[in-house]
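Since the structure comes first, as structure tokens, the remarks are kept for the end.
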Amino acid sequence: MDVLPSELGLREQNKLEKRQRIRAAARELFSRHGYDSATLRQIARRAHVGLGTLFNYAQDKRDLVFLIFNEELAAVTDEALRAAEAHHDLLDQIMDIYKPHYEYFAKHPALSRILLQELTFYSEGKQAAAFQRIRGRLISGIEKAVRIAQEERRILSDENSAIVGRQIFFISSGAIRWWIAGSNPNPRKGLGELRRLLELQLYGLQPVLTTRKRPRESARNR
């Protein structure tokens with residue numbers, strides 16, 4: 001039997017409402033009880049859905065973490081890549097990309113720690129493909145900034161821009177994990193530490209000419 005458009009609309013709306021209830025329940029219980037203690041059955045009960053229905057949206061607790069975060073991470077990534085277009089200096093562009101991430105993770109540090117812990121090796125699950133697309137867009141944005149800086153001779157390395165972009169991503173990801181593990185992660189402090197790490201990558205450890213200010217000194221004088 002054919003499904004009428006109105007029926008299809010109601011069905012999709014019902015699915016969306018269940019998804020949102022599951023997201024809200026998982027967020028609440030992970031925040032209240034912790035990732036290890038909260039159970040799928042508790043989350044399903046809190047969302048007023050059956051356990052089987054929950055499995056339609058997430059195959060395990062790790063998947064639920066990304067069900068919570070994927071939509072918000074996509075929006076943060078959009079904001080970050082737009083912000084990077086406002087600067088010409090590569091270091092400033094990278095900092096613009098990560099500033100929204102630090103500010104976002106600082107709002108809910110306990111949940112952010114769960115996310116950053118669970119995303120390692122996350123490649124299978126109902127939410128995995130969406131997460132991989134979000135991360136891919138972020139890395140591609142960094143790579144693009146590096147490639148344009150190379151073409152305009154703002155950086156002199158001829159290394160493949162994908163490798164440089166990946167290195168920046170690895171350094172930044174490690175810096176975020178180190179920062180969020182603190183008892184009171186402050187975005188401004190975290191971004192300051194990230195800038196210092198990226199300065200080491202972009203400018204190296206070679207002696208600096210006396211006629212040129214050190215990058216860190218220049219940043220402090222802004």
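The values are calculated or read from the model by the stated rules, or taken from the named source; none is laboratory data. Everything quoted here is computed from the prediction, not taken from an experiment. Because the Cβ atoms are built from the backbone with ideal geometry, glycine has one as well, and the counts that use them run over all protein chains shown. Side chains included, ligands, DNA and RNA excluded: accessible areas come from the protein's heavy atoms. Shrake-Rupley method; radii C 1.70, N 1.55, O 1.52, S 1.80 Å.
Counting helices only, and only those DSSP H runs with n ≥ 4, report the 222 nm mean residue ellipticity of the chain as the sum of -39,500 (n - 2.57) divided by its residues, in deg cm²/dmol to the nearest 500.
Using -39500 (n - 2.57) per qualifying helix, the result is -24000 deg cm²/dmol.
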Of the listed values (1) 23, 21, 18; (2) 40, 20, 14; (3) 40, 24, 22, identify the label whose number matches semi-axes √(5λ) of the Cα gyration tensor in Å calculated from this model.
(2)
Could you please put Ser173, Ser140 in sequence from largest to smallest accessible area, using a 1.4 Å probe?
Ser140, Ser173
When the solvent-accessible surface of protein heavy atoms is calculated with a 1.4 angstrom probe, in what order do Asp60, Asp92 fall, highest first?
Asp60, Asp92
Can you give me the convex hull volume of the Cα atoms of the stretch 152-193, divided per residue and expressed in Å³?
80
Go through the stretch 90-189 and name the GluC sites (Glu not before Pro) that are in a DSSP coil and have 10 or fewer other Cβ atoms within 10 Å of their Cβ.
Glu152
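Using only the heavy atoms of the protein chains and a 1.4 Å probe, how would Leu81, Leu29 rank by accessible area, largest first?
Leu81, Leu29
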Working out 0.36 nm times the residue gap between Glu103 and Phe55, then minus their Cα-Cα distance, what length gain in nm do you get to one decimal?
14.1 nm
Out of Ile139, Ile176, Ile163, any idea which swings most in a Gaussian network model of the chain, alpha carbons joined below 10 Å?
Ile163
Hey, how many Å between the Cα centroid of the stretch 50-72 and the Cα centroid of the stretch 151-173?
35
